[in-house]
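Here is the structure we will look at, set down as structure tokens.
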Amino acid sequence: MNPAIPAPTIEYGTLAPLLVVFGAAVIGVLVEAFAPRYLRKAIHVPLTLLSLAGAFALVLLQVLRGQVPTAPAAMGAVAVDGPSLFIWGVILVLSFVCVLLINDEGHFVASAAAVPGSADEEEAESVSGGVGHTEVYPLVLFAVGGMLLFPASHDLLMMFVALEVMSLPLYLLCGLARRRRLLSQEASMKYFLLGAFSSAFFLYGTAMVYGYAGTVTLPGINRALSSGTGLDPLLMIGFALLGVGLLFKIGAAPFHAWKPDVYQGAPTPITALMASGTLVAAVGAVLRVFWVGLGNLDWNWRPVIWVVAALTMIVGSILAITQTEIKRMLAYSSIAHAGFLLVGVMATFGSAQQNAGSLKAILFYLAVYGITTVGAFAVVTLVRDPGGEAGHLSRWAGLGKRAPVLAGVFAFFLLAFAGIPLTSGFFGKYAVFAAALDSGTQVGDSMGGWMTGLVVVGVVASAIAAFFYVRVIVLMFFSEPAADGPAIAVPSMGTVAVIAVSLLVTVGVGLYPESVLGVADDAARSLFIR
Amino acid sequence: MESEIAQITQHTGGVIGSAWLMIAFPLLGAFILLVFNRFTNRWGHLLGVAMSLASFVVAVLAFFELIGFGEGERRRAVELYSFIPNMNIDMGLLIDPLSISFALLITGVGSLIHIYSIGYMSHDEHRRRFFAYLNLFVAAMLLLVLADNYVGLFIGWEGVGLASYLLIGFWQFKPSAAVAAKKAFVVNRVGDFGLLVGMFVIFTTYNTLSFAELKPIVEENGTTLAIGLLLLLGACGKSAQLPLQSWLLDAMEGPTPVSALIHAATMVTAGVYLVVRSGAYFFPEGSGAALAVAIVGAATLLAGAIIGCAKDDIKKGLAGSTMSQIGYMMLGAGLGPAGYAFAIGHLITHGFFKADLFLGAGSVMHGMNDEVDMRKYGGLAKYMKVTFATFFIGYLAIIGFPLLSGYFTKEGIIEAAMEHNQVLGWLAVLGAGITGFYMSRMVFMTFFGKKRWVEGAHPHESPLVMTLPLMILSVGALFLGGYLVMGGTLYTFLRPAVGGDPTPPVFHFASVPGAVTLALVAIGAAYAWMKYGRAEVPAVQPRGSFLTTFARRDLYGDALNESLFMRPGQWLTRIAVFFDNRGVDGLVNGLAAGIGGSSGRLRRLQTGFARTYALSIFIGAALLTGALLLVGTI
């Protein structure tokens, strides 16, 4: 007799958003294989957008019905809880608007395999080179699926799989820029090498933690912590290596070096996706690992993360000052913001109430920062030189005179990044810093002082960051435009919609923060499933 | 305490529940006109008028709903949303007798001025933008008076400041207009700073900025006095009271409807609103802060009147008069609940007759090729009959001709001041006499006497779209005062919001101060007739006595500002620059250079080689692991 293998129970309803995205991605692959070339884009675009919208609707349905599960799904592998659902919603919205950007003509090369410097490459870069890779769409869907799964994984192996599902398509997508092919391929290669390197750390960390706890499920690890000695070297090494893998994805210092190079080289819509969606997913995963898996760990480790957070904020904002390339500057800005988010992560370890409070702050920050980022990159796609986007900051001089509306919108996004009141960015930063100060007073004397110190570092970093944001505004509005300045591309409907939505959210949330804050609060209240 | 103000009741539903529509309509109008700019050129002005009227309709409906409640329940708070949750600051509206009075004035007179502007601005190619700013102003002003906390009030306060700035400088191609706009902006900044610091002190002391949560104070102490004086500084800036009056005269560079709406009828009265609204909290009757308000008011009412005597520019004359009349309101507002009703009453009637006068002046200018010098008018009564008639009614109202609007409210303030402090009362009487002189001078120079027109002037009556608002406003100037004051109608209505004894003060038709006031007004008018009606008015300004020059130069207000603040300020900046270059720059530049330098140095770590990055990750991982192991062993 064969021994019976019990069939796993799968909660299809709960996991529906994931399944829709992955299902659509698989269909996308089939389309690539069987549909004629001229039809592919016509099928891909609605398929991709509909699946993302559908998944969002399913998330919404779960929330509205009040059916937020209290137990992990799929045999304890995936946890769909309040924070997960919020993060899913945010990622789905962000990826939807990013797909609208991707959909714009001219970002992607027709033949990624063309060798740099060859005749093939010239053809690939030319406008007559065809519609570009339509593989972009299923790849994006796979990446988005990975992003959804990453912060919802309930055990470390599932998380590793999600990490790879998210990253592999992104490595590829980075190399598909139509212009400046060499830079794009270099970005792709670097991202792949360093990503693989950091994944190895993550996997090694998983093994170490397994060695300590005898399980890879996050609640199992947490249980082992409460019964074990607590500060076993095996555990500490495992914790550190897991941290390396996760902090790499966030772009925290000193694991940030990939960000500027990759953000610069990748096609801008993909940069937008990475800077928004990936960051949201990675911060979600960090929260889950720290809070579900290591919740019972004595908080002695906090000084170490303290240093990482402070270093990230400082490195991000200081290095941004001397950048001369707009996308690199935004990349360093993204590093600085990752630091601000880590301040929030530091704040999540107090009483249950405190957890909900700072969790809310982080979720809010992720949502508003993500959408502003997409908007800013969308503007970047529109300022063009003959050879592609006008990347060098000197080319942006006097843009306020040539294209006042576009420059005004971009200036507004920059102010939101800087955290000026009446923009969403102000409330994001305010919420995170306030939560950090709160947790400091709750935890007690020694750590309270540490948290206050961290907030001070954060505020100083914000001041330094404000300098380079405002410098761009000054450049745009108070410098004479260059004689042969960049052309402003006529934006497609999609790009207009992306910029308009980002602007509306940034303004709207700035005036009425409670709109998103309320939703984030509801999501945070249910906390992560332990 | 019997004079305590009524409790604030939470309100949902009904028209009051949707009172935010009042603000939303004009805001939407401004948004559409500014965003879809030239696509709305053809119908933009109509949209602007419609939005203002819609807002007026909501205000009227809300008013009727409000008076449906019992007297003690007429303070309705409408919660909108949580604005800054961590500081417990919610955005909400407070509909009470005080705020609804303002809302009616703002939307009512505002709508009339919108309509008038269709005609007045018909030849301006930027008329659409003008209406957008007017709508923006109405929305901000409504937010100012309807907000149920100081934060909302402050946002509205800054909003009207912005609208005022934009509208004073509306013809920014004229350097004088651009300079005037900047001056208004800078002077207002001083006042706004006072208001802002006042709010900071309120928040740190009481931990709230909401009107519902602040408690009326029983006894004045140092903190409340400081708050009161800071708020008064804010009020002085916005309401052009001494010592922050200098911007208002220059603000006349804006189009005339702007002068009528913003710099006469509504915005400049925001200071009075601020004082009356904060009255129970920080200006209790008999307190030092209230006395300061009254003194500022009395001083300004005289200063404004004296300035008004010497101006040949019809709008600047009216601006001086506005200063003076707001001085009366401030004086009333410094007298506690007894004075509030008269102050607000004068504010409302002034809104009508001053708008009437300004729009009348605009109508004259419209017919005289935008000439503003009264020495180049003369004998216009025959040519602009409607304008003359309405202007004349406004004139009678402002000098306090018996039984017209201004008579009741101004006499009321004088009477209340007399009861309080004889000196202030007699100063107010004297001011009324001077008003009689300078307003008569204006009427005689403009409408009577010989024609002194420059060549090419063809005075003509303005179109109906301009004269109709004039007629409506002059009806208000005729009767509104009597209606509001007789029998204490306004007093009783306002009492739940501002406090006061249950029995309204009785209006005395025959009193010594009243008789003296009338006599002085008559003397002033007669003197004006002798000098400007019967006698020849020289077409060129004569040199005049020392006193005349004093008044012409705005009592040397600008000279004072320049020598007291501007020059020392410039010296201070020079000294500061000197030290800055020598001392501070070393530090700051050192810091900036340090950051920039470290940025440059750190940047070298970004080599572009994947192997370097991998090494940094490896070293980072090693450090992280090492640090955690170290922590683990502690």
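For the stretch A:490-499, taking the residues that are in a helix (DSSP H, G or I) and of a type outside the set (Gly, Ala, Ser), the one that is surrounded by the fewest Cβ atoms within 10 Å (Cβ to Cβ) is identified as A:493. If you go through the stretch B:534-547 one residue at a time, do you hit one that is modelled with pLDDT under 70, loosely packed, with under 15 Cβ neighbours inside 10 Å, part of a helix (DSSP H, G or I) and away from chain A (no Cβ under 14 Å)? Taking every residue of the stretch B:534-547 in turn, at least one turns out to be modelled with pLDDT under 70, loosely packed, with under 15 Cβ neighbours inside 10 Å, part of a helix (DSSP H, G or I) and away from chain A (no Cβ under 14 Å).
Of the set (1) closer than 23 Å to residue B:339 by Cβ; (2) surrounded by fewer than 24 Cβ atoms within 10 Å (Cβ to Cβ); (3) of a type outside the set (A, V, I, L, M), all apply to residue B:392 but (1). Number of residues in the stretch B:8-56 that are more than 19 Å from residue B:110 (Cβ to Cβ) and within 23 Å of the chain's Cα centre (by Cα): the value is 0.
Just so you know, in the stretch B:600-615 the residues that are facing chain A (nearest Cβ under 7 Å) and over 14 Å from residue A:328 (Cα atoms) include one that is nearest to the chain's Cα centre (by Cα), and it is B:600.
When residue A:254 is tested against (1) in contact with a Cys (Cβ under 7 Å, 6 or more places away or on another chain); (2) surrounded by fewer than 24 Cβ atoms within 10 Å (Cβ to Cβ), only condition (1) is not met. Number of residues in the stretch A:255-288 that are more than 30 Å from residue A:72 (Cα to Cα), more than 14 Å from chain B (Cβ to nearest Cβ) and of a type in the set (Gly, Ala, Ser) equals 2.
Of the helices (runs of 4 or more DSSP H) lying entirely inside the stretch A:366-484, those containing at least 3 residues that are more than 20 Å from residue A:340 (Cβ to Cβ) span A:399-402, A:404-418, A:445-478.
Regarding the stretch A:468-488, can at least one residue be identified that is within 14 Å of chain B (Cβ to nearest Cβ) and more than 25 Å from the chain's Cα centre (by Cα)? Yes, the conditions are met somewhere in the stretch A:468-488.
Restricted to helices (runs of 4 or more DSSP H) entirely inside the stretch B:244-316, those with at least 2 residues that are touching a Phe, Trp or Tyr at 6+ places or on another chain (Cβ under 9 Å) are B:256-260, B:270-277, B:279-282, B:288-310. Suppose the filter is within 14 Å of another protein chain (Cβ to nearest Cβ), assigned to a helix (DSSP H, G or I) and among the small types (Gly, Ala, Ser); does residue B:103 pass it? No, not satisfied. Here residue A:205 clears all of (1) closer than 21 Å to residue A:331 by Cα; (2) assigned to a helix (DSSP H, G or I); (3) within 13 Å of chain B (Cβ to nearest Cβ) except the condition numbered (1).
Among residues of the stretch A:205-226 that are touching a residue at least 24 places away in the same chain (Cβ under 8 Å) and within 16 Å of residue A:291 (Cα to Cα), those with a Cβ under 9 angstrom from a residue that is part of a strand (DSSP E or B) and polar (S, T, N, Q), sequence gap 6+ or separate chain, pair up as A:218/A:153. For the stretch A:305-314, taking the residues that are under 19 Å from the mean Cα position of the chain (by Cα) and β-branched (Val, Ile, Thr), the one that is farthest from residue A:380 (Cα to Cα) is identified as A:308. Restricting A:293, A:316 to those that are within 13 Å of another protein chain (Cβ to nearest Cβ), surrounded by 24 or more Cβ atoms within 10 Å (Cβ to Cβ), in contact (Cβ under 8 Å) with a residue 24 or more places away in the chain and not hydrophobic (A, V, I, L, M, F, W, C) reduces the list to A:316. Of the set (1) part of a helix (DSSP H, G or I); (2) more than 11 Å from every other protein chain (Cβ to nearest Cβ), all apply to residue A:242 but (2). Quick check: is even one residue across the stretch A:319-332 at the interface with chain B (Cβ under 10 Å from one of its Cβ atoms), part of a helix (DSSP H, G or I), closer than 14 Å to residue A:257 by Cα and among the charged types (D, E, K, R)? Among the residues of the stretch A:319-332, at least one is at the interface with chain B (Cβ under 10 Å from one of its Cβ atoms), part of a helix (DSSP H, G or I), closer than 14 Å to residue A:257 by Cα and among the charged types (D, E, K, R), which makes the answer yes.
Scanning the stretch B:377-392 for residues being farther than 14 Å from residue B:358 by Cβ and either of a type in the set (A, V, I, L, M, F, W, C) or not in a loop (DSSP other than H, G, I, E, B) (or both) gives a total of 9. Scanning for something part of a helix (DSSP H, G or I), under 15 Å from the mean Cα position of the chain (by Cα) and closer than 26 Å to residue B:388 by Cβ, does the stretch B:331-343 turn up at least one residue? No: the stretch B:331-343 contains no residue that is part of a helix (DSSP H, G or I), under 15 Å from the mean Cα position of the chain (by Cα) and closer than 26 Å to residue B:388 by Cβ.
For residues in the stretch A:500-517 being within 14 Å of chain B (Cβ to nearest Cβ) and at pLDDT 90 or above, which is surrounded by the most Cβ atoms within 10 Å (Cβ to Cβ)? Per the criteria, the residue is A:509.
Residue B:426 passes every criterion in (1) closer than 21 Å to residue B:333 by Cα; (2) in a helix (DSSP H, G or I); (3) modelled with pLDDT under 85; (4) not polar (S, T, N, Q) apart from (3).
Which of the residues spanning the stretch B:504-521 are touching a helix residue (DSSP H, G or I) at 6+ places or on another chain (Cβ under 7 Å) and either not in a helix (DSSP H, G or I) or not β-branched (Val, Ile, Thr) (or both)? The answer is B:504, B:505, B:507, B:508, B:511, B:513, B:514, B:520. Determine whether the stretch B:114-121 contains at least one residue that is away from every other protein chain (no Cβ under 14 Å), closer than 15 Å to residue B:55 by Cβ, at pLDDT 85 or above and within 18 Å of the chain's Cα centre (by Cα). Yes, the stretch B:114-121 has at least one match. For the stretch B:68-93, taking the residues that are at the interface with chain A (Cβ under 9 Å from one of its Cβ atoms) and of a type in the set (S, T, N, Q), the one that is surrounded by the fewest Cβ atoms within 10 Å (Cβ to Cβ) is identified as B:86.
Whether a residue is surrounded by fewer than 24 Cβ atoms within 10 Å (Cβ to Cβ) and either of a type outside the set (Asp, Glu) or within 23 Å of residue B:348 (Cα to Cα) (or both) was assessed, and residue B:262 does not pass this test.
The values are calculated or read from the model by the stated rules, or taken from the named source; none is laboratory data. Fair warning: this is a prediction, and the values are worked out from it, not measured in the lab. Counting neighbours? That spans all protein chains shown, and the Cβs are built from the backbone with ideal geometry, glycine included.
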